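Shown next, in C-alpha cells, is the structure this report addresses.
The values are calculated or read from the model by the stated rules, or taken from the named source; none is laboratory data. Computed from a predicted model, the values in this text were never measured in an experiment. Cβ sites come from the backbone with ideal geometry, for glycine too, and all protein chains shown count toward neighbours.
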Amino acid sequence: MNAAALPDTWFALRDGKRFADGVGLADIAARYGTPTFVYSRAALVAAFQAYDQALAGHPHQVCYAVKANSNLAVLGVFAKLGAGFDIVSGGELARVLAAGGDPGKVVFSGVGKTRAEIEQALEADIQCFNIESAAELARIHEVAEAHGAPAPVSFRVNPDVDAQTHPYISTGLKENKFGVAHADAFDLYCRAADMAYLEVTGIDCHIGSQLTDASPLLEAADRVLALVDRLNREGIELEHIDLGGGVGIVYRDETPIDLAAYCGALTRKFAGRSETLMVEPGRSLVGNAGVLLTRVEYLKPGEGKNFAVVDAAMNDLMRPALYEAWHAVEPVAPRDAGSLDWDIVGPVCESGDFLARGR
C-alpha cells in the first residue's frame, strides 16, 4: 500500500504512528470502533481564520457551506467562531440551529426549496434566500405574504463562466441547473423590487467547486459587480455581494489557489464599495481537516488484482465512486510486511463500491 502524506500540522506522525490534535488515531479506533470520522478542531479553526484575516480589508462575512460537512461538532466549531452558514435544505437549517449557529447569518441556497422549508426559514428569521428561478421568486413571495412579513432575498446569478473543474461540480455555466441566467437577472431584480412581500438585500453567485485557478472566480466577480452597478443606477441598492465558494484543496498533487492573494484581489475590487463582501467556502474549510478510520477485514489476493476489503464503504465516502476521486490512504501504525498494490473496497453490494484503487 503506498502512502501519501497527511497534513502533519494537524495529523502529526510520531514514531510511525498518526495523531490528530495530539490524540492517537489507533486509540480512537480502539475506543469508538470503525469506520469513524476524526476531525481536527485546530485545522478547522485555522482554515476559518485564514479567510477571516485575508478578507480583513473590507467588511465581510464568511458563510460556511454546510453541504461540505454537516457534522454537528464541526458546525459548532464554526458557530463559536462567528461564522455564517450557507444551507440548501431545511434539514441543514435545523442542524445549524442545533449547533448554535446564528440564523441571522444563514443564507438559503438550492434549486428545490419546498414551501415547508421556506416557512421554516422565515420562522427562523434567516438572513436571506438565494433565489434560483422565476418560479421560486413567486413561491417565496406567496409564502412570505401568508407569513405576514417580507422575505429577504438575493438572486443566485449564473455568470456563464467556465470554472474549469469536474463537470459534476461545475455550476456557473448556462447549461447548469443552478441560478438565474445572467441575461435575465436584471429584469428579475426589477420585478422583485416591486413585490410587496420581498425585500431585495443582495446578490449571489457560485461557479463550481475544487477550483485551483482563481481566474474564473475573479472573472465571475467582475460580471457580478457590473450587474450590481447597473442595479444601483436603477435605484436598487444591495446590502451584500456573495461570491460563493469553490476554492480547491490538495488531494494528491494539486497546486491550490493562494488564498491570501485571491482574497486580496477581491478586497481591492471592493475598495470604495458599501456592500458587505460574502464568501461561501466549504471544502477549503473542512476537506483537509478530517480522516476516515477504517479497518481491513479481509485480504483477497488474485490474478492481476488484489482486494483489501475494509469496513468503510461508498456510503461513508462517496467521492471515489461518484467522481473517481483520489484520496490519500495511509496506515495508522507501521507494519513490517511486504508491499503490494491493493484495491480498497467496501462491503456494499455494488461493484462501484471502492475507496481507492491500485494503492
Within segment 298-318, which residues are farther than 11 Å from P35 by Cβ and either of a type in the set (A, V, I, L, M) or in contact with a strand residue (DSSP E or B) (Cβ under 9 Å, 6 or more places away or on another chain) (or both)?
Y298, L299, K300, P301, K305, N306, F307, A308, V309, M314, M318
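I'd like the residue in segment 278-304 that is of a type in the set (A, V, I, L, M, F, W, C) and surrounded by 19 or more Cβ atoms within 10 Å (Cβ to Cβ) and, out of all such residues, is farthest from D86 (Cα to Cα).
Step one: list which residues in segment 278-304 are of a type in the set (A, V, I, L, M, F, W, C), which gives 278-279, 285-286, 289, 291-293, 296, 299.
If we keep only those that are surrounded by 19 or more Cβ atoms within 10 Å (Cβ to Cβ) too, we end up with 278-279, 285-286, 289, 291, 293.
Working: M278: 10, V279: 9, L285: 13, V286: 14, A289: 19, V291: 23, L293: 28 Å.
That would be L293.
With respect to G57, determine if the residue is touching a residue at least 60 places away in the same chain (Cβ under 8 Å) and of a type in the set (G, A, S).
On the way: touching a residue at least 60 places away in the same chain (Cβ under 8 Å): yes; of a type in the set (G, A, S): yes.
Yes: the conditions hold for G57.
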I need the full set of residues from segment 135-165 which are closer than 19 Å to I236 by Cα, within 25 Å of the chain's Cα centre (by Cα) and assigned to a helix (DSSP H, G or I), in order please.
L137
When (1) in contact with an Asp or Glu (Cβ under 7 Å, 6 or more places away or on another chain); (2) free of Cβ contacts under 8 Å to residues at least 60 places away in the same chain are applied to Y298, the one that fails is (1)
Condition (residue is among the hydroxyl-bearing types (S, T, Y) and out of contact with any Gly (no Cβ under 7 Å at 6 or more places or on another chain)) applied to segment 263-273: is it met by at least one residue?
no
Give segment 228-245 a look and list any residue that's under 25 Å from the mean Cα position of the chain (by Cα) and not in a loop (DSSP other than H, G, I, E, B), or say none.
V228, H240, I241, D242
D258 vs. criteria assigned by TED's automatic domain parsing to the domain that holds G84, more than 24 Å from N158 (Cα to Cα) and out of contact with any Cys (no Cβ under 7 Å at 6 or more places or on another chain):
yes
Members of segment 239-266 found to be within 30 Å of L198 (Cβ to Cβ) and crowded, with 19+ Cβ neighbours inside 10 Å, listed by number:
H240, I241, D242, L243, G244, G245, G246, L266
Quick one: would you say Y251 is assigned to a loop (DSSP other than H, G, I, E, B), among the hydroxyl-bearing types (S, T, Y) and assigned by TED's automatic domain parsing to the domain that holds L55?
yes
Which of the numbered conditions does Y323 fail, given that it passes all the others? Conditions: (1) out of contact with any helix residue (DSSP H, G or I) (no Cβ under 7 Å at 6 or more places or on another chain); (2) in the same structural domain as A26 (by TED's automatic domain parsing); (3) more than 26 Å from T9 (Cα to Cα).
(1)
Take the conditions farther than 27 Å from H147 by Cβ and surrounded by fewer than 20 Cβ atoms within 10 Å (Cβ to Cβ) and apply them to A183. Does it pass?
yes
Report the residue count in segment 111-123 for those that are surrounded by 18 or more Cβ atoms within 10 Å (Cβ to Cβ) and either in a helix (DSSP H, G or I) or outside the structural domain of E136 (by TED's automatic domain parsing) (or both).
5
